[in-house]
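The values are calculated or read from the model by the stated rules, or taken from the named source; none is laboratory data. Computed from a prediction, not measured in an experiment: that's the story for all the values here. Counting neighbours? That spans all protein chains shown, and the Cβs are built from the backbone with ideal geometry, glycine included.
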Amino acid sequence: MTLTMCHRDTDNALHAVVVGAGFGGMASALRLRALGYRVTLIDRMKRMGGRAQVFKKNGFTYDAGPTVITAPFLFEELFSLFNEDLYDYVDLRPLDPWYRIVFSDRREFNYGGTVEDTLKEIERFSPGDREGYLRLLDMSRRIFDVGFDQLGDRPFHRFTDMIAQVPKLIRLQSYQSVYGMVSRYVKDPYLRQIFSIHPLLVGGNPFDTTSIYTLIHYLERRWGIHYCMGGMGFLIDALGDLMRRQGIHLRLGTTVERIVNKNQHASGVIIENDGQLRSDIVVMNADPPYVYTRMMPEGHDSPVIDRRIKHMTYSMGLFVLYFGTSRRYDEIAHHTIWLGPRFKGLLKDVFAHKHLADDFSLYLHRPSATDATMAPKGCDSFYVLSPVPNLKSGIDWRRVGDRYRDRIFETLESHLLPGLKRHIVHSFYMTPLDFERDYLSLWGSGFSIAPIFTQSAWFRFHNKNKRLKGLYFVGAGTHPGAGLPGVLCSAKVLQNVIDHQHM
Ligand SMILES: Cc1cc2nc3c(=O)[nH]c(=O)nc-3n(C[C@H](O)[C@H](O)[C@H](O)COP(=O)(O)OP(=O)(O)OC[C@H]3O[C@@H](n4cnc5c(N)ncnc54)[C@H](O)[C@@H]3O)c2cc1C
């Protein structure tokens with residue numbers, strides 16, 4: 001990689017337009033700036049962060065999207081590009097436990113701390129699974145060494161890239177599902193659920209998601225799980241300030257309609273109600289299925305791609321309910337996963353049958369457990385997330401949303417938060433319809449296309465477009481995939497595929 005091909009702050013500096021200020025877009029803007037590009041970052045939302053929006057209401061602060069930070073070094077790198085230190089700007093706190101998993105029969109498992117802490121928890125459930133867990137962790141490390149260290153920032157836009165990796169992927173049994181792999185090592189049905197929930201964090205069904213994602217076990221073990229004091233918005237503001245210091249031009253509240261083609265080259269974008277913005281390269285952090293079906297220049301839309309996109313498997317939708325309480329629930333951990341009575345059946349309803357079931361499993365976020373600034377004194381701020389079918393289901397959320405919210409509150413009150421309904425100060429929610437409207441996410445999916453084997457690596461949306469020079473993709477729908485580590489790595493892939501000789 002030559003850093004001198006593009007000249008910073010000269011008339012010769014190439015102009016990069018990045019569409020979408022999600023974490024993938026922000027990281028790309030910074031990496032391009034460090035390479036010397038003049039960068040404009042555009043997003044249709046009024047705040048940066050993409051799905052990581054922030055809502056503030058009556059003294060309560062709610063992170064709208066991601067809450068779990070697993071690989072802080074990927075954020076550190078963005079500041080290091082400019083010889084700055086992330087920790088001069090943000091306070092990342094390690095959490096313990098990482099998650100508390102609560103079953104509907106009230107059994108609890110505190111996941112996190114040291115390996116020894118986890119082994120003690122395993123022994124309470126199934127002493128015979130101690131050794132199996134250690135072997136699972138070892139397998140996770142081996143998958144991590146290949147899937148993250150060797151392939152996480154490597155481009156996969158040529159079929160030969162894929163062919164070269166096939167032996168490794170087969171050796172690691174990437175064709176298996178996460179649940180399948182976990183079950184080979186761990187026998188207890190509770191533990192199997194606990195150790196296979198990770199795909200849900202990146203939009204996949206543990207029974208279908210490629211076992212490459214088992215690497216998250218090792219990722220969590222190696223760096224822990226962190227929370228940014230002040231909430232995720234604080235981290236985004238720190239990245240925003242870094243961009244401003246580096247002269248990146250931010251255009252928020254601005255929607256891009258189309259990519260412009262000049263001589264088979266992406267030469268800018270058409271902005272809604274504002275005409276054309278010329279550039280030397282265009283980096284799309286918008287959802288690739290949306291871009292390919294709605295935003296390509298004339299002559300570059302293709303019925304074959306349209307058909308493929310139509311038949312792809314999309315991640316689940318999310319019903320996210322935000323609420324403040326007039327009391328604190330100090331017995332509730334920062335991250336709680338409540339698993340209802342059905343596991344496989346419920347996931348089948350969400351992913352395959354696309355049926356809104358009567359039962360659910362929930363993830364409950366209580367940032368005020370760690371950070372008192374997230375709620376007024378004596379109060380708690382929460383969000384609860386329920387995986388639901390995406391909009392391919394035809395569910396009319398305008399009709400069923402309130403009822404669904406009430407059922408979640410009833411479940412929380414009976415299983416986790418006694419007296420909840422009496423203490424709710426306010427509540428509001430997002431459904432897949434909001435994901436479609438706000439983020440232009442096809443089918444309102446929470447995480448773009450699903451992380452199954454046939455939609456991973458070369459089979460995922462490529463980071464570099466073959467037909468239109470200078471058009472690149474980063475973010476959840478591209479290689480390596482969704483989740484903060486994935487999208488931050490996609491910006492590293494961009495750095496590795498970019499062709500600096502443009503026009
Ligand atoms: C509720 C929720 C909880 C999650 N929890 C976690 C977690 O705890 N840990 C974790 O690692 N991951 C988590 N994830 C996943 C993670 O947040 C996402 O995978 C990641 O943030 C996606 O980043 P991205 O770069 O793909 O961009 P996105 O966040 O998808 O942002 C893309 C941006 O582009 C904008 N855009 C799209 N089209 C246009 C256009 N035409 N013009 C202008 N702007 C456009 C969109 O409005 C959006 O702002 C969670 C996701 C959700 C939804």
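G152: of a type in the set (G, A, S), part of a helix (DSSP H, G or I) and buried (at least 18 other Cβ atoms within 10 Å of the Cβ), yes or no?
When the stated conditions are applied, G152 does not pass them.
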(message) Can you confirm whether G475 is at positive phi and either of a type in the set (K, R) or in contact with a strand residue (DSSP E or B) (Cβ under 9 Å, 6 or more places away or on another chain) (or both)?
(response) yes
(message) Restricting to the stretch 421-454, count the residues that are more than 22 Å from V202 (Cβ to Cβ) and free of Cβ contacts under 8 Å to residues at least 12 places away in the same chain.
(response) 2
(request) Specify the residue that is surrounded by the most Cβ atoms within 10 Å (Cβ to Cβ); the eligible residues are those in the stretch 450-471 that are under 19 Å from the mean Cα position of the chain (by Cα) and farther than 19 Å from S174 by Cα. (result) N463
(message) Can you tell me which residue is farthest from R294 (Cα to Cα) among those in the stretch 424-435 that are more than 16 Å from the chain's Cα centre (by Cα) and within 11 Å of the ligand (Cβ to nearest atom)?
(response) M430
(request) Please state which one of V19, V39 is more than 14 Å from the ligand (Cβ to nearest atom), within 19 Å of V269 (Cα to Cα) and either assigned by TED's automatic domain parsing to the domain that holds P485 or free of Cβ contacts under 8 Å to residues at least 60 places away in the same chain (or both). (result) V39
(message) Tally up the residues in the stretch 265-279 that are surrounded by 12 or more Cβ atoms within 10 Å (Cβ to Cβ) and in contact (Cβ under 8 Å) with a residue 60 or more places away in the chain, please.
(response) 8
(request) May I ask you to say which residue of G233, G204, G180 is touching a residue at least 24 places away in the same chain (Cβ under 8 Å) and part of a loop (DSSP other than H, G, I, E, B)? (result) G204
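Residue by residue, here is whether (1) touching a helix residue (DSSP H, G or I) at 6+ places or on another chain (Cβ under 9 Å); (2) within 7 Å of the ligand (Cβ to nearest atom) holds:
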residue	(1), (2)
G24	yes, yes
L32	yes, no
G50	yes, yes
G59	no, no
D63	yes, no
(request) Filter the stretch 355-397 for residues that are in a loop (DSSP other than H, G, I, E, B), charged (D, E, K, R) and buried (at least 18 other Cβ atoms within 10 Å of the Cβ) and give the result. (result) R366, D371
(message) Whether any residue in the stretch 201-211 is surrounded by 23 or more Cβ atoms within 10 Å (Cβ to Cβ) and either on the phi > 0 side of the Ramachandran plot or assigned by TED's automatic domain parsing to the domain that holds L484 (or both) is what I want to check.
(response) yes
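Yes or no, residue by residue, for (1) at pLDDT below 95; (2) within 26 Å of I498 (Cα to Cα); (3) in the same structural domain as V269 (by TED's automatic domain parsing); (4) of a type in the set (D, E, K, R):
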site: T4; (1), (2), (3), (4): yes, yes, no, no
site: M26; (1), (2), (3), (4): no, yes, yes, no
site: R31; (1), (2), (3), (4): no, yes, yes, yes
site: F79; (1), (2), (3), (4): no, yes, yes, no
(request) Test F109 against the criterion of being buried (at least 20 other Cβ atoms within 10 Å of the Cβ) and either closer than 20 Å to Y218 by Cα or touching a Pro at 6+ places or on another chain (Cβ under 6 Å) (or both), and give yes or no. (result) yes
